[in-house]
Amino acid sequence: MGAVLKHVEYIFPDRAYTNDDLSKKFPDYDFSKFDTKVGIKKRYWVSENETALDLAEKACLKLFQYFDKNDVDFIIYCTQSPEYILPTTACILQQRLGLNTSVGAFDFNLGCSGYIYGLSMAKGLVETKQAKNVLLVTAETYSKYLHSDDKSNRGIFGDAATATLVSFDEEKNNIQNFLFGTDGLGYDKLIIKNGAAKNKIETNSEVKEYGSGNKYTDNELYMDGPEIFNFTSAVIPKFTLNLLEKNNLEMEDCNLFIFHQANQFMLDFLRKKIKAPKERFYIDLEDGGNTVSCTIPIALKRWSDAYSGEFPVKNITLVGFGVGLSWGGTVISVDRKL
């Protein structure tokens, strides 16, 4: 008896941007490394009038093709691209989807570890019998936060939304133990400084440079890529082994590893550090790029769609890490195609 991950859907915006498209805009910048080292060939960005909530609604409607929306009794909405400072976007999503007014709904602000945290909260709601069917939504439009001349981050980040149904089951409990980590000392390694309570948006914010001529202002997203890599390489391998230990598993017990899809170079490094077999370490970056809190559910859904073996598949290790600095992990099993 417990929580079961029943179904996952995802959506991208209509507009796709290839590395060739970016090369035309930035002819002096070598985007070939995004094919090879970073592993991204295409990313999708919303139009000017499209928001993360618009994507979230579409992802949920895809999921409702398979499940009755009237059975949903709680919405958990993970985003760093809220519709407004307030109210919570989850309330607006409830109205757009036409869900019962008896549902609970809240947002939480986490990035690359967000899906793991969302699964944990969904599991808690289900197993304490506060809800039977939790709609876990992730939605991000980082493209709205990028400077027009930030070549590196424009190559990395894409927009997307996902919808996951976590339900109570009388017999099964397919979401196992969680482990988390936080280091607020690194809060400024991936940050948008202006626009919230501490610093207002600046009309004429100073243009700054980093890396190979990338530009940003404090109104826009800044990422210290080398420091994010240093944090990940120092923390995540040991964390993953601790997560397996908490779930009484050895490396050979795990049938699949799905980490936050940050970039291929980082993922290859992590796979080698934990000594995971290449055929059991899923990488899914080519079509979509780094979609922040959406990468793990998108990868999980794509793996499920492509999987030709037998179900159930047990001991799938999920690990998210990034902005915050924040990280988390769990182990799940999948009974059928998601």
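The values are calculated or read from the model by the stated rules, or taken from the named source; none is laboratory data. Values in this document were obtained by computation on a predicted structure and should not be read as measured data. Neighbour counts run over all protein chains shown; Cβ positions are idealised from the backbone, glycine included. Ligands, DNA and RNA are stripped out before the accessible areas are found, and what is left, the full protein with its side chains, is counted by its heavy atoms. Shrake-Rupley method; radii C 1.70, N 1.55, O 1.52, S 1.80 Å.
Key figures for this structure:
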read-out	value
Residue count for the range 207-221, restricted to those that are modelled with pLDDT of 95 or more and among the acidic types (Asp, Glu)	2
Strands (runs of 3 or more DSSP E) within the range 43-146 that include 1 or more residues surrounded by fewer than 19 Cβ atoms within 10 Å (Cβ to Cβ)	104-108
Enumeration of residues in the range 205-228 that are part of a loop (DSSP other than H, G, I, E, B) and out of contact with any Ser or Thr (no Cβ under 9 Å at 6 or more places or on another chain)	Gly213, Leu221, Asp224
Members of the range 29-71 that are under 17 Å from Gly289 (Cβ atoms) and polar (S, T, N, Q)	Ser32, Thr36
When residues of the range 147-166 are limited to those that are polar (S, T, N, Q) and open to solvent by 20 Å² or more (accessible area, probe 1.4 Å), the one farthest from Glu57 (Cα to Cα)	Ser152
Test set (1) in contact (Cβ under 8 Å) with a residue 40 or more places away in the chain; (2) open to solvent by 10 Å² or more (accessible area, probe 1.4 Å) - Leu243 fails condition number	(2)
Per-region count, the range 1-42, residues surrounded by fewer than 20 Cβ atoms within 10 Å (Cβ to Cβ) and in a loop (DSSP other than H, G, I, E, B)	10
Subset of the range 179-230 [within 21 Å of Gly155 (Cβ to Cβ), of a type in the set (A, V, I, L, M, F, W, C) and either surrounded by 18 or more Cβ atoms within 10 Å (Cβ to Cβ) or within 24 Å of the chain's Cα centre (by Cα) (or both)]	Leu190, Ile191, Ile192, Leu221, Met223, Ile228, Phe229
Count of the range 255-294 residues which are open to solvent by 50 Å² or more (accessible area, probe 1.4 Å), assigned to a loop (DSSP other than H, G, I, E, B) and in contact with a helix residue (DSSP H, G or I) (Cβ under 7 Å, 6 or more places away or on another chain)	3
